[in-house]
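**Q** My questions all concern the structure below.
Where a number appears in this text, it was derived from the coordinates with a stated rule and is not lab data. Note that the coordinates shown come from a computational prediction; the quantities given were computed from them, not determined experimentally. Cβ placement follows ideal geometry from the backbone for every residue including glycine, while neighbour counts extend to all protein chains displayed.
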């Protein structure tokens with residue numbers, strides 16, 4: 001295989017023997033290497049063969065900033081899922097799970113632990129995926145000595161649930177019109193143009209898709225009093241107002257009622273999109 005681009009010391013983009021682009025991981029595989037050179041076979045740990053060009057670009061963007069140990073952990077979790085549970089996973093899992101694992105490790109190191117309001121439902125309805133989440137939590141503890149709560153196993157499980165639906169999460173096959181309208185509402189309310197190739201866009205799209213799936217499976221969160229919701233409304237009025245408009249649209253088109261908890265999670269994701277846009281300016 002021939003190197004096309006050095007992403008960092010441990011990640012390179014290359015062309016295989018068939019001329020197809022691949023992303024290759026290995027400790028020191030890109031160190032002092034140049035475009036056009038042969039990839040040192042003895043350093044290859046993982047070859048990512050991503051069919052979707054957009055997912056491949058997102059993966060390269062993500063891996064460029066991430067410690068090798070975290071990438072290795074994510075890859076091992078996915079390999080475990082494929083081998084032991086025979087799951088048919090969308091290749092977007094390499095982006096979404098790796099991104100989440102890195103973010104979760106950073107949070108937990110700082111002592112920030114998020115409560116997973118869906119934990120009971122995840123355990124009940126997705127026991128196989130939850131076991132993968134538990135495996136991931138134990139692997140992180142073993143490799144990096146970072147303690148993660150059970151709630152985190154639930155969040156990780158949701159990434160596998162999402163990856164089992166459809167052939168490409170970006171297509172939002174089941175809900176094309178609703179997804180399009182929701183993205184339009186957010187773009188209009190925030191006054192931004194969403195970058196469909198960015199990780200921030202992919203994170204928000206993932207949340208919207210899973211929310212719509214839960215609506216049609218009657219698995220929405222119940223209404224509960226939540227001081228965090230009130231705080232978010234005061235601290236981020238623009239994003240909260242946007243999330244309420246998204247909620248109103250969903251309620252009208254899906255004949256449902258979104259709880260304050262659901263609106264809270266929408267606000268958090270919309271906030272990330274807003275912050276990403278301001279960073280690009």
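**Q** Cα-based Rg (one decimal) and Dmax (whole number) for region 2-49, in Å?
**A** Using the Cα atoms of region 2-49, the pair Rg, Dmax is 9.1, 25 Å.
**Q** Can I ask one more? How far apart, in nm, are the 7 Å Cα→Cβ label points at residue 2 and residue 193?
**A** For residue 2 paired with residue 193, the spin-label model returns 3.6 nm.
**Q** Quick check on the chain: helices-only [θ] at 222 nm, where DSSP H runs of length 4 and up contribute -39,500 (n - 2.57) each and the sum goes over total residues. Nearest 500, please.
**A** Taken over the chain, the calculation gives -19000 deg cm²/dmol.
**Q** Also, I was wondering about something else. On a 0 to 90 degree scale, rounded to 10, what angle separates helix 237-254 from the longest Cα axis of the chain?
**A** It works out to around 80 degrees.
**Q** Something else now. Starting from the coordinates of the alpha-carbon atoms of region 175-280, obtain the Kirkwood hydrodynamic radius over all distinct pairs and give the value in Å to one decimal.
**A** In region 175-280 this quantity evaluates to 13.9 Å.
**Q** Separate question: Fully extended, how many nm does the chain gain between residue 218 and residue 128 (0.36 nm per residue separation, minus their Cα-Cα distance)?
**A** Between residue 218 and residue 128, full extension yields an extra 30.4 nm.
**Q** Residues of region 92-118 with the amide nitrogen closer than 13 Å to a label point 7 Å from the Cα of residue 82, along Cα-to-Cβ, please.
**A** The answer is 92-95.
**Q** Round to the nearest 10 and give me the degree value, 0 to 90, for the angle of helix 93-109's Cα axis relative to the longest principal axis of the chain.
**A** 80
**Q** For the Cα atoms of the chain, what angle does the longest principal axis make with the long axis of helix 150-163, in degrees from 0 to 90, nearest 10?
**A** The answer is roughly 80 degrees.
**Q** Please list the radius of gyration and Dmax for the chain, considering alpha-carbon atoms only, with Å as the unit.
**A** Rg, Dmax (Cα atoms, Å): 19.6, 60.
**Q** Highest mean first, what order results for 112-122, 41-51 on Cβ atoms within 10 Å?
**A** 112-122, 41-51
**Q** OK, next. Find the Cα radius of gyration of region 26-128, compare it with 2.2 N^0.38 Å by division, and give the number to two decimals.
**A** Expressed relative to 2.2 N^0.38 Å, the Cα Rg reads 1.28.
**Q** For a Förster distance of 45 Å, can you work out the FRET efficiency between the beta-carbons of residue 42 and residue 248, rounded to the nearest 0.05?
**A** Using R0 = 45 Å, I get an efficiency of 0.20.
**Q** Could you tell me the center-to-center distance, by alpha carbons, between region 124-146 and region 201-265 in angstrom?
**A** When both Cα centres are located, 27 Å separates them.
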